[in-house]
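Worksheet: the structure to be examined is printed underneath.
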Number of protein chains: 2
Amino acid sequence: MSETASATPLSAQELALMNKWWHAANYLSIAQIYLLANPLLREPLKLEDTKPRLLGHWGTTPGLNFLYVHLNRIIREQDRSILFVAGPGHGAPGVIANTYLEGTYSEYFPEVSQDADGLARLVKQFSFPGGIPSHAAPTTPGSINEGGELGYSLSHAYGAVFDNPDLIAACVVGDGEAETGPLATSWHSNKFLDPKTDGAVLPILHLNGYKIANPTVLARISPEELVSLFKGYGYDPIVVEGDVPDVVHQAMASAMNTAFARIDAIQKAARTEGKTERPAWPMIIMRTPKGWTCPKTVDGLRVEGYWRAHQVPFTDMGNPAHLKLLDEWLHSYKPEELFDENGTLVPEVAALAPKGNRRMSANPHANGGLLRRDLRLPDVEPYAVTVESPGHALGEGTRVLGTWLRDVMKENLSSRNFRVLAPDENNSNRLNAVLDVTNRAWNAETFDYDDHLSVDGHVMEILSEHTCQGWLEGYLLTGRHGFMSCYEAFIHIVDSMVNQHAKWIKQADEVPWRAPIASLNYLLTSHVWRQDHNGFSHQDPGFIDHVLNKKAKTVRVYLPPDANTLLCTAKTCLESRDRVNVIVAGKQPEPQWLDMNSAIEHCAQGIGIWEWASNDKGGEPDVVIACAGDVPTIEALAATQILNEHLPDLKVRVINVVNLLTLQTPQEHPDGLDDASFDSLFTVDKPVIFAFHGYPALIHKLIYKRTNCRNFHVHGYREEGSTTTPFDMTVRNNLDRFHLVQNVIRRVPALAVKAAYANQLINDKLNEHKRYVAQYGQDLPEVRNWRWS
Amino acid sequence: MSETASATPLSAQELALMNKWWHAANYLSIAQIYLLANPLLREPLKLEDTKPRLLGHWGTTPGLNFLYVHLNRIIREQDRSILFVAGPGHGAPGVIANTYLEGTYSEYFPEVSQDADGLARLVKQFSFPGGIPSHAAPTTPGSINEGGELGYSLSHAYGAVFDNPDLIAACVVGDGEAETGPLATSWHSNKFLDPKTDGAVLPILHLNGYKIANPTVLARISPEELVSLFKGYGYDPIVVEGDVPDVVHQAMASAMNTAFARIDAIQKAARTEGKTERPAWPMIIMRTPKGWTCPKTVDGLRVEGYWRAHQVPFTDMGNPAHLKLLDEWLHSYKPEELFDENGTLVPEVAALAPKGNRRMSANPHANGGLLRRDLRLPDVEPYAVTVESPGHALGEGTRVLGTWLRDVMKENLSSRNFRVLAPDENNSNRLNAVLDVTNRAWNAETFDYDDHLSVDGHVMEILSEHTCQGWLEGYLLTGRHGFMSCYEAFIHIVDSMVNQHAKWIKQADEVPWRAPIASLNYLLTSHVWRQDHNGFSHQDPGFIDHVLNKKAKTVRVYLPPDANTLLCTAKTCLESRDRVNVIVAGKQPEPQWLDMNSAIEHCAQGIGIWEWASNDKGGEPDVVIACAGDVPTIEALAATQILNEHLPDLKVRVINVVNLLTLQTPQEHPDGLDDASFDSLFTVDKPVIFAFHGYPALIHKLIYKRTNCRNFHVHGYREEGSTTTPFDMTVRNNLDRFHLVQNVIRRVPALAVKAAYANQLINDKLNEHKRYVAQYGQDLPEVRNWRWS
Ligand SMILES: Cc1ncc(C[n+]2csc(CCOP(=O)(O)OP(=O)(O)O)c2C)c(N)n1
Ligand SMILES: Cc1ncc(C[n+]2csc(CCOP(=O)(O)OP(=O)(O)O)c2C)c(N)n1
Ligand SMILES: [Mg+2]
Ligand SMILES: [Mg+2]
């Protein structure tokens, strides 16, 4: 049942000490935002002591600081492993202040020592050029979540505790953040948590009433609605409310006691009595003023407990009244009682910090790379599709991949460090085989006819791309591994989350004490060219454009043309670290081109001539036909075959690209081909007809520095489509074999006259296609049954 | 209070007729999915009558059909204007069947007539090449929402009813869809609805228990939790549950009666008694089997009421048992009793359809362009910043824009057809002035110290980019106008929604009876170069890359360099139709370049030489310095000034780009400059140093077809940043004046030796900058106070 905690578990002395810690953290937070020097106010505060640009966010900070000291009490008294996930990561001054007070900060950054010198560095560096950013970041010890873009804290927290039975993620959710879509649905993560083999999340709704400039929705509905909402989400909320610190300290201590006792009871029931039905997990609702303890008003305007406290409550230090106000505000925390003459936190307060790795800022799960163990990855050879000669056998790429993933899952089940995720698309994307060895995680009602649901399943499916992504990020950041499949078009739903994760990886890489984590691996399927049950809304190959704007070191894009290359690619991705890997591959039966040896060779190089499809060996090609993607590869080869048949003298070189970034120069991307190799492949002057999976301009963007760039003619998705036949999709976008041939004829000067008959034939074929599909609803038999020969 | 409706409001005859309509709609839905011909089964069903590719979604369809006939009863009996928003738009066979049964379909598509011939066309065209897509689409009468990408139905529905007091949007939300983040938060839209001046939304949760291959979360929590959740969201749920059609018909009729009566009571209280406090709006929870009325099992496997009913419940018509099953299934609806010998719906059932525009499929709000009235747009001149000479006055672009938007709001307040939206960033983005004439919409608790909140406000702020976007789309699609501001980096949150909207516009444009709607207008500010309070997570200018993948006709990108050009651009956007317009502009005080006349001229052309900044007139330039974006323009001009001072003989041409798409060729984009003009501006062989707001590769992608493309050297965002000074941001990304000058020296052959001293000076300056910002935390005075001269 929900309740307002009312017991008084803290002794007067304990309360006083905890309040001092809170004061110290608040003091240092304000000092970071405002001060350039004089951090202990040992000299009278002068304008020159303040920063010229006052940046940062005070409003959320006292709440975070309050929670931090209360969580520390629990850790100390109960010896727990707790991760602090701050949704309002803009409260970094507070998070950093606490990590400093508990000593971790100085261990990671020795120059920011626990004395007056260190304090001076601490305050100056914040939001300062060459210093540290204004949000929780990879440089913030104990953090796995920046919170710069709001909405993901709770799914990160759940991701962190999956398969970490001893870990509890205390997740502070801003009441503004709670309005975001991703956050609003992530409360349902409790239906995917196993109380036995997973840890627990303690969500703390930080109901400070405001966001940047508006009240929050959750602060302005009735208490009944509020509690009803969270009960509806399956939680058992404990409300802590007030603005008198001593009262709220007692209430919070009591709430924490209750919450952790309930977590213990739930876990005990699950672990010793086998009671794994979904319990109502505790959560805390903390309703306290925004900017708590700052000046009530400034220049006659309401600040404390109002949105005006959100960033810097008052600026313009040139105004002596403001400087005075700052001075008074800082002194209100009595720094002289908090820090000794060396500028070190007084020992009785410092004693409130947990020890060693029990400090939330030193929790090893927050530097997951340290805990990461490599996956056991089966060799791909046994899963290979047999390819006697290129293009004869059909295979379903993703289904084959599923068999390998099944065994990856099997090999690592006992380590419990690998999960496969999809937004209700795992089977649609044909990775069903994974369910042979594990189930879908599900801790809600089940019926006997249900299909592979169990509390401890390692396949995660919720119809929320955001939640899948957030879980996976949390899982990876705490040192585990994962693989997510998604319809190609809808992965754009997480564009912004991927941005943030890629940025995190890039920054973490620059932090010496952060260890590499497993890559974020995507399989994008049900792609633009094969949207059989769906239509135009499901056709968008632009996610690869999106990720390529991130740091080159971080991103990879693979377009394996068949099952064996898909297998090799997937293995490469699961072996890699600190990357965002995007694999695009179809799920439909398609011709298979390479036997496993050739596939391994081809994938290792990432790009190459397909000699068996080319006829220019020993000479110069008249035209290069390049392809990237499974469907484009089919069309490119079919075009080549038409050319061979109708224009047998034409010398055609066929190039297939698996690793898209080989197209860039090595200066732009670590996988980029050097110019000499590129020129040798694509020639310096011959026309290149490029059949591409995505939007054509992407290729032009990748190759604009190459010698032969002006002779590239790219066919790809031109944003035309509907529910139609597979081949008609290519025709509507000029990616089909016939349009490719037509372009070859147009671009190879020697063909201008000679190819008139071939051209005529092509036009006839296109008309025939159009009439046939409109009548029969499927592709021409010669297209449907086409095989390379 | 929630309840399971139990009254029996329908007479036996009425019930029988409604059930027949439902059967007819179900029958036609299945016929669309399965049949190529023989739609009335007047001949024995043969394999050739079925489609070779069976595409579409049955599972959701009977539920949609059920709701449709019940809503029709309400419309008929109560003469209401109702819009049908189908979250599960994949149930298009059902939606189309109903629009056909009520006659609208044949009015729009005369060849699909209400007879046997028309029926044959109806069934064949579905999911068929050259026919119609498998989802609700612009071709679907009565639809404003495709539902292809799930999650947006409810925010669309709210957007549709804002300022439409007589409209009720009946919004069917799939229980899978309800798991998405955007949907999960959009329930809170009720806190932004004015019962007096807005219409109402009747959400109907379609609890059919399953999504593609999994049960849904909401179907597997306890009934108490379920009701608690929706009460917490502020609704008053009415539960309708069952699988016996007659029983559920009565329960649904009763639920509808109750729900609409409550809506009436709420609206009456608001409209006649002035009671506008937020009421608990009714909603319906319909718990019925997925695929209701299809075969219970197929090949021994559970289908009805299970996920297997989601798409096509059984395929492989070559299997005679399956063909027989289909035959039996179709006959179970007794088509011979539903359609007369002409193939026309029998009159007593047809009589259930509402008349004329009361038919949901003919509701004019669903073809909003028809209702659209142009905005009254004030001239921009009176809002101009005075610019005596370029670059002296400072101005805050977005704040100035705010004054104009205030008056746009004022001029159109009485028409109630314009809203300004932002995810809690309206003031942060400095559009505060709008609040002088209206308030923020807010129908939750308020306090006397609240700031511009009122029930009927026309500024919409919720901390959900998704919800803002969804509301705006719904508002535009129903014929109104809007303007949304957003932090540049976080607009990626709605990447995928923008995709879908752009696709809708593109398709609607191809539907002759759809009238143009107002454009989707964005102001992106708090952009990558000026993230003062924030850091790396807030730095991403890639949204413009994203939108440029959509159809050229639909998208525009503007980078006004100052306040006056921003004003002109905003007006152009609000005047335009059927577009997605993206304006990127800073909110900080910046030099102003153009007086209003020059601004109008410059914006009309979209690109042009800034003669006053160039010194090549009458001759040939040695170098072109181009710029796009406010910060790049400052750096480009500062670089030009350094060049003028230190290399006075160098002929520099300065070009500014406001309309980014002028860079493309006219074949690629309607705004593209012709080649001759482009060559004349950028020369055919001189180096072009391009200072660009976004990721540099975007420029290369836009100009790859231009003669001089290889001589473009683009400086832009290289994914480097943190919380630092504005100028340091440019330095970290080589966009600053010094790096621009260095590149000029490098690229102009004649300067190679001559410029050694200038180069040295540049290096000194960069070092000085670095030391200065690290010490003082702000930019060098010469940078901070720099003015063009
Ligand atoms: C997705 C997203 N949209 C907008 C912002 C801009 N923003 C920064 S802080 C903030 C308000 C946050 O309010 P809340 O979550 O309540 O945090 P607190 O009150 O604790 O500061 C907003 C809108 C953001 N960071 N992320
Ligand atoms: C955002 C998004 N993710 C994934 C899909 C793929 N998808 C299509 S239908 C569907 C299941 C929908 O379930 P529900 O909303 O319950 O609809 P119904 O059961 O009525 O078919 C899914 C996951 C989608 N269309 N949109
Ligand atoms: Mg808040
Ligand atoms: Mg469903």
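For (1) within 11 Å of another protein chain (Cβ to nearest Cβ); (2) at pLDDT below 95, each residue gets a yes or a no:
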position: B:Phe483; (1), (2): no, no
position: B:Gln507; (1), (2): yes, no
position: B:Asn521; (1), (2): no, no
position: B:Gly535; (1), (2): yes, yes
position: B:Ala552; (1), (2): yes, no
- Could we say that A:Gly209 is within 13 Å of ligand 3 (Cβ to nearest atom) and over 20 Å from A:Leu83 (Cα atoms) here? yes
- Note on the structure: Expected output for segment A:206-234 (first residue in contact (Cβ under 8 Å) with a residue 12 or more places away in the chain, partner assigned to a helix (DSSP H, G or I) and within 11 Å of ligand 3 (Cβ to nearest atom), Cβ below 6 Å, 6+ apart or cross-chain) is A:His206/A:Gly63; A:Leu207/A:Ala219; A:Asn208/A:Gly63; A:Gly209/A:Ala219; A:Tyr210/A:Trp307; A:Ala213/A:Trp307; A:Val217/A:Glu179; A:Leu218/A:Ala178
- When you look at A:Pro279, is it farther than 30 Å from B:Thr446 by Cβ, within 14 Å of another protein chain (Cβ to nearest Cβ) and either touching a residue at least 12 places away in the same chain (Cβ under 8 Å) or buried (at least 20 other Cβ atoms within 10 Å of the Cβ) (or both), yes or no? yes
- Message: For segment B:201-253, give me each residue that is under 27 Å from the mean Cα position of the chain (by Cα) and either of a type in the set (Lys, Arg) or more than 16 Å from ligand 2 (Cβ to nearest atom) (or both).
- Response: B:Val201, B:Leu202, B:Lys211, B:Phe230, B:Tyr233, B:Gly234, B:Tyr235
- Message: What's the number of the only condition in (1) in a loop (DSSP other than H, G, I, E, B); (2) surrounded by 23 or more Cβ atoms within 10 Å (Cβ to Cβ); (3) touching a strand residue (DSSP E or B) at 6+ places or on another chain (Cβ under 7 Å) that A:Ile625 fails to meet?
- Response: (1)
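Going by the structure shown, is A:Ala265 small (Gly, Ala, Ser), buried (at least 20 other Cβ atoms within 10 Å of the Cβ) and away from ligand 4 (no atom under 16 Å from the Cβ)? Steps first, please.
Values: small (Gly, Ala, Ser): yes; buried (at least 20 other Cβ atoms within 10 Å of the Cβ): no; away from ligand 4 (no atom under 16 Å from the Cβ): yes.
When the stated conditions are applied, A:Ala265 does not pass them.
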- Task: State all residues of segment B:308-330 that are surrounded by 18 or more Cβ atoms within 10 Å (Cβ to Cβ) and more than 19 Å from B:Ala37 (Cα to Cα); if no residue qualifies, say none.
- Result: B:Arg308, B:Ala309, B:His310, B:Gln311, B:Pro313
- Item | Matching entry among B:Pro223, B:Pro138, B:Pro203 (being more than 16 Å from ligand 1 (Cβ to nearest atom), out of contact with any helix residue (DSSP H, G or I) (no Cβ under 9 Å at 6 or more places or on another chain) and modelled with pLDDT of 95 or more) | B:Pro223
- Message: Checking A:Val161 against (1) over 19 Å from A:Leu229 (Cβ atoms); (2) more than 18 Å from the chain's Cα centre (by Cα), only one condition comes out false. Which one?
- Response: (2)
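Residue by residue, here is whether (1) part of a loop (DSSP other than H, G, I, E, B); (2) surrounded by 21 or more Cβ atoms within 10 Å (Cβ to Cβ) holds:
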{"residue": "B:Val684", "(1), (2)": "yes, no"}
{"residue": "B:Phe690", "(1), (2)": "no, yes"}
{"residue": "B:Arg718", "(1), (2)": "yes, no"}
{"residue": "B:Leu740", "(1), (2)": "no, yes"}
{"residue": "B:Val744", "(1), (2)": "no, yes"}
{"residue": "B:Asn759", "(1), (2)": "no, no"}
{"residue": "B:Asp779", "(1), (2)": "yes, yes"}
- Task: Inspect all residues belonging to segment B:597-616 and state whether any of them is modelled with pLDDT of 95 or more, acidic (Asp, Glu), in a helix (DSSP H, G or I) and under 24 Å from B:Phe738 (Cβ atoms).
- Result: no
- Residues being surrounded by fewer than 24 Cβ atoms within 10 Å (Cβ to Cβ) and more than 28 Å from the chain's Cα centre (by Cα) - total across segment A:70-83: 8
- crowded, with 23+ Cβ neighbours inside 10 Å and either within 21 Å of B:Ile82 (Cα to Cα) or within 15 Å of ligand 2 (Cβ to nearest atom) (or both): does that describe B:Thr180? yes
- Query: Using beta carbons and a limit of 8 Å, which pairs, at least six apart or on different chains, have the first residue in segment A:311-339 and basic (Lys, Arg) and the second one part of a helix (DSSP H, G or I) and modelled with pLDDT of 95 or more?
  - Reply: A:Lys334/A:His23
- May I ask you to say which residue of B:Thr185, B:Thr216 is within 16 Å of ligand 3 (Cβ to nearest atom) and of a type in the set (Ser, Thr, Tyr)? B:Thr185
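Tally the residues that are surrounded by fewer than 20 Cβ atoms within 10 Å (Cβ to Cβ) and polar (S, T, N, Q), restricting the search to segment B:720-738.
Pass one, segment B:720-738, residues surrounded by fewer than 20 Cβ atoms within 10 Å (Cβ to Cβ): B:720, B:732, B:734.
Those left that are additionally polar (S, T, N, Q): B:734.
Counting residues in segment B:720-738 that are surrounded by fewer than 20 Cβ atoms within 10 Å (Cβ to Cβ) and polar (S, T, N, Q) gives 1.
So, in segment A:746-757, how many residues would count as being touching a strand residue (DSSP E or B) at 6+ places or on another chain (Cβ under 7 Å) and assigned to a helix (DSSP H, G or I)? Explain how you work it out, then say what you get.
At the first step, the residues of segment A:746-757 found to be touching a strand residue (DSSP E or B) at 6+ places or on another chain (Cβ under 7 Å) are A:747-748.
Narrowing the set further to residues that are assigned to a helix (DSSP H, G or I) leaves A:747.
Total satisfying the criteria: 1.
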- If you go through segment A:431-447, how many residues are surrounded by 21 or more Cβ atoms within 10 Å (Cβ to Cβ), more than 10 Å from every other protein chain (Cβ to nearest Cβ) and among the small types (Gly, Ala, Ser)? 1
- Message: So for segment B:191-209 (the condition being among the aromatic types (Phe, Trp, Tyr) and surrounded by fewer than 24 Cβ atoms within 10 Å (Cβ to Cβ)), does at least one residue qualify?
- Response: yes
- Message: Quick check on segment A:97-109. Is at least one of its residues touching a Leu at 6+ places or on another chain (Cβ under 7 Å), crowded, with 22+ Cβ neighbours inside 10 Å and in a loop (DSSP other than H, G, I, E, B)?
- Response: no
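Criterion first (touching a residue at least 12 places away in the same chain (Cβ under 8 Å), of a type outside the set (Lys, Arg), in contact with a helix residue (DSSP H, G or I) (Cβ under 8 Å, 6 or more places away or on another chain) and farther than 29 Å from A:Asp264 by Cα) does A:Ala25 satisfy it?
Working: touching a residue at least 12 places away in the same chain (Cβ under 8 Å): yes; of a type outside the set (Lys, Arg): yes; in contact with a helix residue (DSSP H, G or I) (Cβ under 8 Å, 6 or more places away or on another chain): yes; farther than 29 Å from A:Asp264 by Cα: yes.
In short, yes.
The values are calculated or read from the model by the stated rules, or taken from the named source; none is laboratory data. Since this is a predicted model, take the numbers as computed values, not measurements. Reconstructed Cβ throughout: ideal geometry from the backbone, glycine too, with neighbour counts over all protein chains shown.
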